[in-house]
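Colleague: To start, I am sharing the structure in question, which I have written as C-alpha cells.
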Amino acid sequence: MTVAIALSSGLSALVLVLALVLPSITSPTVPFGVRVPAQRADDSTVVRQTRIYRWRVLVSGIVAGGVGVVIYGVTGETLLLPLSVLVLVGVWYGCFFLAHHEIRAAKAAGGWYEGLHQGIAVDTGCGPTDRGFPGSGWHRR
Amino acid sequence: MILNVDLASEVPIYQQLRDQIVEAIADGVLTEGSPLPATRALAADFGINFHTVNKAYDLLRQQGLIQLNRKTGAVVTSTVADPSFHAEWTARARTLLAEAIAKGLSADEVLATCRFVLDSFGTTQPEDTP
C-alpha cells in the first residue's frame, strides 16, 4: 500500500514537473506546437499563454492530487490512486490545447507571417556541407 | 550539400528539390555515383510528405539524371543529352531569355548573366576522399 502511494505520488510529481517545464524545453519558435516567426517568439500572447498554461497545470495538479487523496481516504482503494495521474495527463493535454488554440488564433489574426518567407534547410550529408565550412576534410584545403 | 525549401514559394516543393539537385550536379557537388539521401529520411528532415521527395526523385529519374535502385537507393548517373532534350531545353531557354528582353535587359546584360551563371558551375569541387 505504501509502495502504491509513493509510486503514484512520484508519478504525479514527475508528470507535473514535465508539464511545467515543457514550454522551456521546446523550441521558442514553436510554442505549444504553433510555428511562429523568431521575432514573435516573445510576443505578449505567447508569454501570457505560457503563464496561463503553467498556472492551469499547477492548479490542476494540486486539485488532481487532492482528489486522489480524498478518493483514497473515502474508499481506501489503492488501485484508484493512479487515476489522479491519468486525470493530470488529460488536464495537461487540455491546457496545452487551449494555449495552442489561443496562439494559433493570435497568429492568424495578427498575420504574423505576412511579408515573411518560411523556409527549411537540411544538410543532406551528400558532398561538401558548404564552401569554407569546417566539415569533413576542411583542414586539407 | 544543403537543400533549402521555401514554404512560401509558388514553386512546388518537389520542383524546388529537383532544381537544387540539378544545380548540385552542374556545380560538381554531386558527381556520377553520388548517393542521394533516402526519400523517407529527407522527407522526415524537412517535415514534408515522403511522396513529395519521391516525386522529385522520379522526375530526376525520368530525366536520366539519377538511378533508383532498391539496394543502393537514389544515385547520380552520367547522362548524355539527346536531340529531343536539346530542342525542349532550347524552347525553355527561349522563354527565359524572352522574359529578360521583354523586361528591358540588353542583349549584352543577358549574355553577361548567362556567362556568369555558366562560370559559376563547376567551381564547387567534391571533397577529396582519403
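Every number in this text was worked out from the coordinates using simple rules, so none of it is lab data. Since the structure is predicted, the reported quantities are computational estimates derived from the model, not experimental observations. Note that each Cβ is placed from the backbone with ideal geometry, even for glycine, and that neighbours are counted across all protein chains shown.
Colleague: Do any GluC sites (Glu not before Pro) in region B:1-95 lie in a DSSP loop with no more than 14 other beta carbon atoms within 10 Å, and if so, which?
Modeller: On the way: sites: B:GLU10, B:GLU23, B:GLU32, B:GLU88; in loops: B:GLU10, B:GLU32.
Qualifying residues, ordered by number: B:GLU10, B:GLU32.
Colleague: Rank by packing, highest mean first: peptides A:119-125, A:34-40, with packing defined as the count of other Cβ atoms within 10 Å averaged across residues.
Modeller: Details: A:119-125: 14.6, A:34-40: 16.4.
The peptides rank, most packed first, as A:34-40, A:119-125.
Colleague: Taking the convex hull of the Cα atoms, report for region B:77-118 its projected area averaged over all directions, in nm².
Modeller: Details: hull surface 14.9 nm².
With the hull built on Cα positions only, its mean projection is 3.7 nm².
Colleague: Something else now. Can you list, largest first and rounded to whole Å, the semi-axes you get for the protein assembly as shown by taking the square root of 5 times each eigenvalue of its Cα gyration tensor? Mind showing how you got there, number by number?
Modeller: Numbers: eigenvalues 598, 115, 58 Å².
After scaling each eigenvalue by five and taking roots: 55, 24, 17 Å.
Colleague: Using a 10 Å cut-off on Cβ to Cβ distances, tally the other chain neighbours for every residue of B:27-40 and report the average as a whole number.
Modeller: Numbers: counts 2, 2, 5, 3, 1, 0, 0, 2, 3, 2, 5, 0, 0, 0.
Partner-chain Cβ atoms within 10 Å, mean over residues of B:27-40: 2.
Colleague: Residue by residue through B:3-15, how many Cβ atoms from other chains fall within 10 Å of the Cβ on average?
Modeller: On the way: counts 6, 4, 5, 4, 6, 6, 3, 0, 0, 0, 1, 0, 0.
Counting Cβ atoms of other protein chains within 10 Å of each residue's Cβ and averaging gives 3.
Colleague: Then there is this: Report, as an integer, the average count of C-beta atoms from other chains found within 10 Å of each Cβ along A:113-123. Walk me through the numbers before you get to the answer.
Modeller: Values: counts 2, 0, 1, 1, 4, 5, 7, 10, 6, 13, 5.
Mean partner-chain Cβ count within 10 Å for A:113-123: 5.
Colleague: In addition: Once you sort the root eigenvalues of the Cα gyration tensor of region A:19-58 as a ≥ b ≥ c, which label holds: rounded (a/c under 1.5), prolate (a/b larger than b/c) or oblate (the other case)? Each step should come with its number before you reach the end.
Modeller: Working: a/c = 2.59, a/b = 1.55, b/c = 1.67.
It comes out oblate by the Cα gyration axes.
Colleague: Straight-line reach from B:LYS55: which lysines fall under 30 Å, measuring Cα to Cα and dropping same-chain residues less than 8 apart?
Modeller: Cross-link targets: B:LYS71.
Colleague: Could you please state, rounded to a whole Å, how far the C-alpha centre of region B:1-49 is from the C-alpha centre of region B:82-99?
Modeller: Cα centroid of region B:1-49 versus Cα centroid of region B:82-99: 23 Å apart.
Colleague: Let me know the charge dipole size of region A:1-81 about its Cα centre in debye, to the nearest 20, where only the beta-carbon of Lys, Arg (+1) and Asp, Glu (-1) is charged.
Modeller: Numbers: 6 positive and 3 negative charges, 63 e Å.
Computed charge dipole of region A:1-81: roughly 300 debye.
Colleague: Using every alpha carbon pair in region B:1-91, what percent of pairs falls into each 5 Å bin from 0 up to the bin containing the largest distance?
Modeller: Pairs per bin, as whole percents: 3, 13, 24, 26, 19, 10, 5, 1.
Colleague: I've got another one for you. Using Cα pairs under 8 angstrom and six or more residues apart, how large is the relative contact order of region B:15-79, in percent?
Modeller: Details: 71 pairs, mean separation 23.9, N = 65.
The normalised contact order for region B:15-79 reaches 37 percent.
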